[in-house]
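Participant: One structure follows; several queries about it will come next.
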Ligand code: ZN
């Protein structure tokens, strides 16, 4: 099965469409949460995702829009965007977000969460020191996470003398990487608001038979969504950061 693995669309339909066009044929979408928040197209993104066979877990921004998380944990710009999104969301799309689980297991081998297996909604796995204890919190071989908006692969290996090792692997783009025998935590990066200094949308394709992942980056016209954000009077900082991918 060919899975399109995406995360953190953040109501950026322009980036989402670019990913869908670039991905080629796939059987299913695995979405790791944060469909909404920051961007101008919350309803459009949810509705577009729902056109495909897919599974999706909830992210912190999805919960914030539903009022399931306090906005006090957000910075002022994220708060404004969240309140704006709350007003825009149709009852049907709101019900869809409410229906999302926080953790899923797919094809027996893959756990799906937004933040981390230990704290699915909030924890950021940015470093091996945070990834390492998280390997005890899921039972499948692999785990997909989002939330940091930065592509990453953490590998856990049982080393000699009981000193298990967790390390960050180098990511290669546009070619299949074999998942191998070691347990991994894999972040596909963000579709709608990359934060690794590359403004292009980030995603990956998983082949569940060959057990490979292929990371990809795809250009999208940032100025098109920026104009829509401007029209919606969304915070300027959220508009400019898309140009730089931070
Ligand atoms: Zn996010």
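FYI, it's all coordinate maths here, none of it is from the lab. As the structure is a computational prediction, the values presented were derived from the model and not from experiment. Neighbour counts are summed over all protein chains in view; Cβ atoms, including those assigned to glycine, are modelled from backbone coordinates with ideal geometry.
Participant: Enter the angle in degrees (range 0 to 90, nearest 10) between the Cα long axis of helix 76-88 and the first principal axis of the Cα atoms of the chain, meaning the one along which they spread out most.
Facilitator: Once rounded, the angle reads 70 degrees.
Participant: Given 0.36 nm per residue, what is the gain on full extension from residue 129 to residue 87 after removing their alpha carbon distance, in nm? Don't jump to the answer; show the numbers that get you there.
Facilitator: On the way: separation 42, 0.36 × 42 = 15.12 nm, distance 3.91 nm.
In short, 11.2 nm is gained.
Participant: Right, another one. Can you tell me what share of the DSSP beta bridges in the chain is antiparallel? A percent to the nearest 5 is fine. Working shown, then result.
Facilitator: On the way: 26 of 40 bridges.
So the antiparallel bridges amount to about 65 percent of the total.
Participant: For the chain, modelled as a Gaussian network with Cα springs under 10 Å, which listed residue fluctuates most, 116, 82, 163?
Facilitator: Answer for the Gaussian network model of the chain: 163.
Participant: Given the C-alpha centroids of segment 7-85 and segment 116-183, what is the distance between them in whole angstrom?
Facilitator: Between the Cα centres of segment 7-85 and segment 116-183 lies a distance of 23 Å.
Participant: What angle do you read, to the nearest 10 degrees and between 0 and 90, between the alpha-carbon axis of helix 13-22 and the longest principal axis of the chain?
Facilitator: 40 degrees
Participant: Something else about it: By per-residue mean of other Cβ atoms within 10 Å, what is the highest-first order of 144-152, 47-55? Intermediate results must be reported in sequence, preceding the final value.
Facilitator: Details: 144-152: 24.1, 47-55: 13.7.
Averaged packing, sorted descending, gives the order 144-152, 47-55.
Participant: If the chain between residue 140 and residue 160 were fully stretched, how many nm would it gain, using 0.36 nm times the residue separation less the Cα-Cα distance?
Facilitator: Details: separation 20, 0.36 × 20 = 7.20 nm, distance 2.25 nm.
That works out to 4.9 nm of additional length.
Participant: Would you mind checking the tilt of helix 222-231 against the longest principal axis of the Cα atoms of the chain, expressed as 0 to 90 degrees and rounded to 10?
Facilitator: Roughly 40 degrees between the two axes.
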